[in-house]
Amino acid sequence: MRTLAFQMPDRGGGPTGPRIRVGRPSRRSRTLLMTLGVLAVLGMAFTMFSGFWTDWLWYRSVDYSSVFTTTLSTKIGLFFVFGLLMAAAVGLNIWLAHRLRPPLSAMSVEQQNLDRYRMGIAPYKKWVLIAITALVGLVAGASAGSQWRTWLTWVNGVDFGKKDPQFQLDVSFYAFDLPWYRFLLGFGFAAVILSLIAAAVTHYLYGGLRLSSPGAKATGAATGHLSVLLGLFVALKAVAYWLDRYGLAVKSSDFKATDNWTGLRYVDANAYLPAKTILFCIAVICAVLFFATLWRRTWQLPVIGFGLMVLSALLIGGLYPAIVQKFQVQPNEQAKEAPYVAKNIDATRYAYDIGDTEVSPFSGRGAAPDKKPELRGQADQAASIRLLDPNIVSPTFQQRQQIRSYYGFPENLDVDRYTVEGQTQDTVIGLRELDLNGVPKRNWINDHFRYTHGYGVVAAKGTEADSEGLPVFTEYDLPSQGQLGKYQQAVYYGEKTTQYSIVGGPQEEIDYSKDGQEVGTRYKGNSGVSLSNPLNRAAYAVAFSEPQILYSGAIGEGSKILYNRTPKERVEAVAPWLTIDGDPYPAVIGGKIQWIVDAYTTSNGYPYASRTTLGDTTSDSLTTDQRAVIAQQDRVNYIRNSVKATVDAYTGEVKLYEWDTKDPVLKTWMKAFPDTVEPRSAISDQLMAHLRYPQDLFKVQRELLTRYHVEDAETFLSGSEVWQVPDDPTNKVGEAVPPYYLSMKMPDQPEQAFSLTTTFTPNGRDNLSAFMAVNAEAGADDYGKIRILKLPTSTTVQGPKQVQSAFNSEQDIAETIRLLSGGDSQVEYGNLLTVPLDEGLLYVEPVYVRGGGLKYPLLRKVLVSYNGQTAFEDTLAQALDKVFGAGGEAQPPEEETPPGEETPPEKGDATLDQALKDVQKAFDAGQEAFKKGDWEAYGRAQEDLEEALKRAEEARAPSAGD
């Protein structure tokens, strides 16, 4: 290294000072730099190792290590095989191009000018070759590794036992084989194109190609080499044309019958399909012409052939189908497309498991007036109306059963059913989970060692509320007690438990609080990863970016770390080939709290079946910010609820149970991951009693049934029977109404069954088109049976939005709502439930009031509507009595006043006037107390207001003898 010298002036401005020399770094500096470099490399290596090691430890802790090893070995195998193939292909062509270079004496002046580049590369050409091949190999290997699902389904694919109507191939070819063939084709194109580029650059650098020199532009050797590569490219294009023929069966396109059309149409079968076959033949001939240049040494014929292939692709593959569509299809579209629409309908109904949907006519007009006395009793038998809305009462659970600030409930509670004293009842249930935001003093020890879990179940009857509008709790307090018996109450795994905890060591945990005293505990479950090993502690310190894990004294013998603690995370991790439902729910089963998780097998390759985007289809008014939706961007055209999974809330144990025993996709994955899914026979009777039909699958099916309830192709094409899922009338976000769980019976059912229900309206209108329900009881013989009550298009029956508008527009109801929402009070509408009742539809909606110093809603009123008659009462029984006649007796019609006679004053007028005055007085008193901040007086005023409203309602209602 050259020594630099320069002079510095002295401070006095006199003669120059001594020279300062800058030379080589000292040995100490070089040693320091080398040490830092080695430490940096070791740090990156250990960071990568820690991720691998912690994953392995976690999978081993949950007894699903085979999932980890199978997935990892598949990824590594694909990485090395395809990485080496790509590296070999590119490296071989670079070596061959270098080997075929012309002698130096034969090089042109242009090529001699590149001599300095060749000379610069010459000493390092071996390393340059290795670097280029390694780079392309790494990129190709990484891309191939991501195709592990495609590889496993291809290797383990099971036949569907159904053939596509066009090519008569088993559906497994499209679901499992075709995706793998397309990957291989894409890899082949990439390898050939990269090899062609690398070979062309090498030939140019070493004189095999000439751009500006006179004479031949390429040597014979270069011509032959590049021609073979171009021939391979065209041959791959021929394979692509052949596969495209089959791809037409799973091709998506816009079609006026549906936005998500999949499969062949008339133009595909009669224009594109023969065009692809012709183009395949042309491409094969063109490839042969390129290979022939090895002997002919001329580009003339292959270039002509390639030009003809491009021209044919434009004319045969583009112009001809457009002509067929314009002059054959459009003039008689109904007749031309009907056979293909019929195939699409059949495939779609099978792929989404809606083929057995039972559609029955239903007048929707309701019973005749003389049958009203009978309907009052029938209404109680038709359904167990759920007044407790699980999407509203979470704050009530929070305020009444939170007990400690560090416990919390999810925003949306769950609906299940429990049998108590021989009676099965719909139950709203939630777990008292850990909420670190309520911990009195936040620090690392409290967050991860002391406050580690929630405690207990809180449950309430779905069909009742007490006199104050509060839930009737069947499981309550801390520790929880009630009707669910004894069970392990600690909740270490839950929907709100997203942080890691370190348990089982010297640091005692807070179990729960009793009589103001905190009870301590140490975790005794068998889950978690041991931190006794220094290597494990170091790995987790890096993985969680928390150095205290490495040296903290709170970690000792027996300490274990718990993470991946939400039910959805755990099931996704042990079964990465499943799509997980967005709503896990808890159940007390066999002395344990078990999270039940529904999981789906899906495919995007079912021929002719229309596609849907799961994220969009499963979104509704409750999923906007409150509940996750499944597979936000996944587009599928086949789905089955093939697996029921459970996660133990204490031990975190994950079990997968085969649910759909006929699903070929599940059978394929069970071959790929043997012994991970238990047979259906392993499901206990206690667990079976709590399994239910999943909401997300139901939402996918109802979206498809807006069009595919029609089985006639011509009606489908006309679009006259298209429905839509109505917007939620009780929610202002403008999203679809969610499906509701409740026990009810359809007209053909002998008794009530736990069901999942929804409504449909005509496309672009608000009146009702149909009512849909599915039997959600897993143990029932007709579990999963979808029933649709279809209303005639000639009649107009109120839909959910119109019913809600009718409620709001009635003067008496509107006035009461205004009074209830006075001051800081707020009225909240619960789920608008729909129940079929004697050729009519009974609508029931609970009304909650939040305010008056309370932070939670109370059930105050119940809205009921049947056949245009509405009631707004304190209880469901009173509302039904008013609609159908008190005590099962119909209200007699009002007698007309004879001409010339005055109508006598009603008996209740004086009482009603006084009650209304008391209402106004109580309301004014409440407003005054609210302004002063006198909450005690405000509470008394609200009680007076409620009592006055009740007297007004009683005075306004006709007595039984009138």
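The values are calculated or read from the model by the stated rules, or taken from the named source; none is laboratory data. These numbers were taken from a predicted model, which means no experiment stands behind them. Note: ideal-geometry Cβ built from the backbone for every residue, glycine included; neighbour counts use all protein chains shown.
Consider segment 381-398 and keep the residues that are within 30 Å of Leu880 (Cβ to Cβ) and of a type in the set (S, T, N, Q). The one that is surrounded by the fewest Cβ atoms within 10 Å (Cβ to Cβ) is Gln381. In segment 373-393, the count of residues that are touching a helix residue (DSSP H, G or I) at 6+ places or on another chain (Cβ under 9 Å), in contact (Cβ under 8 Å) with a residue 40 or more places away in the chain and more than 23 Å from Ala753 (Cβ to Cβ) is one or more.
Out of curiosity, is Lys667 part of a loop (DSSP other than H, G, I, E, B) and either free of Cβ contacts under 8 Å to residues at least 12 places away in the same chain or crowded, with 18+ Cβ neighbours inside 10 Å (or both)? So Lys667 does not fit the description; no. If you check Val827, Val864 for being hydrophobic (A, V, I, L, M, F, W, C) and modelled with pLDDT of 90 or more, only one passes: Val864. Looking only at residues of segment 717-735 that are modelled with pLDDT under 90 and hydrophobic (A, V, I, L, M, F, W, C), we find that the one that is farthest from Arg349 (Cα to Cα) is Val733. Here the helices (runs of 4 or more DSSP H) wholly within segment 270-366 that include at least 1 residues being within 30 Å of Leu100 (Cβ to Cβ) are 273-296, 300-314. Inside segment 480-533, residues that are of a type in the set (Phe, Trp, Tyr) and more than 34 Å from the chain's Cα centre (by Cα) make up a count of 1. For the residues Ala313, Ala342, the requirement of being in contact with a helix residue (DSSP H, G or I) (Cβ under 7 Å, 6 or more places away or on another chain) and free of Cβ contacts under 8 Å to residues at least 40 places away in the same chain singles out Ala313. Go through segment 711-749 and give me each residue that's among the hydrophobic types (A, V, I, L, M, F, W, C), in a loop (DSSP other than H, G, I, E, B) and surrounded by fewer than 21 Cβ atoms within 10 Å (Cβ to Cβ). Passing the criteria: Val722, Val733.
Taking segment 459-499 on its own, how many of its residues are among the β-branched types (Val, Ile, Thr), touching an Asp or Glu at 6+ places or on another chain (Cβ under 6 Å) and under 20 Å from Gly591 (Cα atoms)? Number satisfying all stated conditions: 1. Note on segment 187-238: residues that are small (Gly, Ala, Ser), out of contact with any Pro (no Cβ under 7 Å at 6 or more places or on another chain) and modelled with pLDDT under 85 amount to 6. When segment 498-522 is filtered for residues that are over 18 Å from Ile561 (Cβ atoms) and among the polar types (S, T, N, Q), the ones remaining, listed by number, are Ser513, Gln517. Could you grab me the full set of residues in segment 789-811 that are β-branched (Val, Ile, Thr) and surrounded by 21 or more Cβ atoms within 10 Å (Cβ to Cβ)? Those that are β-branched (Val, Ile, Thr) and surrounded by 21 or more Cβ atoms within 10 Å (Cβ to Cβ): Val797, Val803.
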